[in-house]
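The values are calculated or read from the model by the stated rules, or taken from the named source; none is laboratory data. The shown structure was predicted, so the numbers you read here are calculated from the model rather than taken from an experiment. Counting neighbours? That spans all protein chains shown, and the Cβs are built from the backbone with ideal geometry, glycine included. Ligands, DNA and RNA are stripped out before the accessible areas are found, and what is left, the full protein with its side chains, is counted by its heavy atoms. Shrake-Rupley method; radii C 1.70, N 1.55, O 1.52, S 1.80 Å.
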Amino acid sequence: MSVFLVAYIKRRTRQVDKALNIELEEGIMKKIIMALAVALAVTVSAVAQSSSSSTPIWNHGDNVSELSYQSVPIYKIMQTKDAYIVFYLGHGMKVESQVIPKDWAKRGEDKKLYFRHKAPGLESSMTVFYRGGSFDHVILTVEPNPMDPLWAVAPHGTKVDTNIDSLNIKF
C-alpha cells in the first residue's frame, strides 16, 4: 500500500510543479517524499507510545475485586451420610476427587456450599471461589434430580474425613 501512496504523491507533486512552473530534479523529490514518510512514521509511533499506560485498562483502582474463582467439569457426585464426594476433571485430563461436607450447605455465616440449577444443554460444574487467595465457598452447578446419572450413592462402608475447613482443588 505504501508503494501506491508514494506513486500518488509523486504524481501530485509533478502536477503542482507543472502548475507553478517549478522544475525539481528527480533525486530531490525522492528525498522530500522519504523525509515525509519517515516523519509520519516517527509521529505515529510517538503517539502510540504516549497513549499506553502501565496499568491494565480494567484496573481503575476502585473496581478490583479480591474475589477470584476457578471452574471444573463434574463427572460424578457420590453421597455418603455426611459428605459429597465430587469427581471432577483435574489437570492433564485426570479424574480427581474432592470431599465436601454436607454441613457446609447449612444456613448461617459459615455456609460454604451452594447449589445452582444447571441450565439445559450445559455440563455440570464445580466453581471454587477464593477471597484474597484463600478458600471462600464452592458452588455446584448440577441437575437437582437425584435420578440424574450424575448422582450416585457411595458404597456401603465408605468412610470420608469431613473435618476440613477448605478445599484443596487440583486444577
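At a glance:
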quantity	calculated
Complete set of residues in the stretch 87-113 that are at pLDDT below 90 and more than 21 Å from residue 71 (Cβ to Cβ)	106, 107, 108, 109, 110
Within the stretch 70-84, tally of residues that are farther than 9 Å from residue 154 by Cβ, of a type in the set (S, T, N, Q) and open to solvent by less than 70 Å² (accessible area, probe 1.4 Å)	1
In the stretch 92-116, the residues that are surrounded by 10 or more Cβ atoms within 10 Å (Cβ to Cβ), of a type outside the set (Lys, Arg) and farther than 15 Å from residue 164 by Cα	95, 96, 114, 115
Within the stretch 85-95, tally of residues that are touching a strand residue (DSSP E or B) at 6+ places or on another chain (Cβ under 8 Å) and in contact (Cβ under 8 Å) with a residue 24 or more places away in the chain	4
Meets criteria (in contact with a helix residue (DSSP H, G or I) (Cβ under 8 Å, 6 or more places away or on another chain), open to solvent by less than 50 Å² (accessible area, probe 1.4 Å), of a type in the set (A, V, I, L, M, F, W, C) and over 16 Å from residue 152 (Cβ atoms)) for residue 138	yes
Residues of the stretch 6-40 satisfying the condition of being of a type in the set (D, E, K, R), at pLDDT below 65 and open to solvent by 100 Å² or more (accessible area, probe 1.4 Å)	23, 25
Test: residue in the stretch 112-129 that is among the aromatic types (Phe, Trp, Tyr) and in contact with an Asp or Glu (Cβ under 6 Å, 6 or more places away or on another chain)	yes
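Yes or no, residue by residue, for (1) modelled with pLDDT of 95 or more; (2) under 33 Å from the mean Cα position of the chain (by Cα):
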{"site": "132", "(1), (2)": "no, yes"}
{"site": "135", "(1), (2)": "no, yes"}
{"site": "140", "(1), (2)": "yes, yes"}
{"site": "145", "(1), (2)": "no, yes"}
{"site": "148", "(1), (2)": "no, yes"}
{"site": "158", "(1), (2)": "no, no"}
{"site": "161", "(1), (2)": "no, no"}
{"site": "166", "(1), (2)": "no, yes"}
{"site": "171", "(1), (2)": "no, yes"}
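Residue-by-condition table, conditions (1) at pLDDT below 80; (2) under 30 Å from residue 138 (Cα atoms); (3) part of a helix (DSSP H, G or I):
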{"residue": "44", "(1), (2), (3)": "yes, no, yes"}
{"residue": "56", "(1), (2), (3)": "yes, yes, no"}
{"residue": "71", "(1), (2), (3)": "no, yes, no"}
{"residue": "76", "(1), (2), (3)": "no, yes, no"}
{"residue": "85", "(1), (2), (3)": "no, yes, no"}
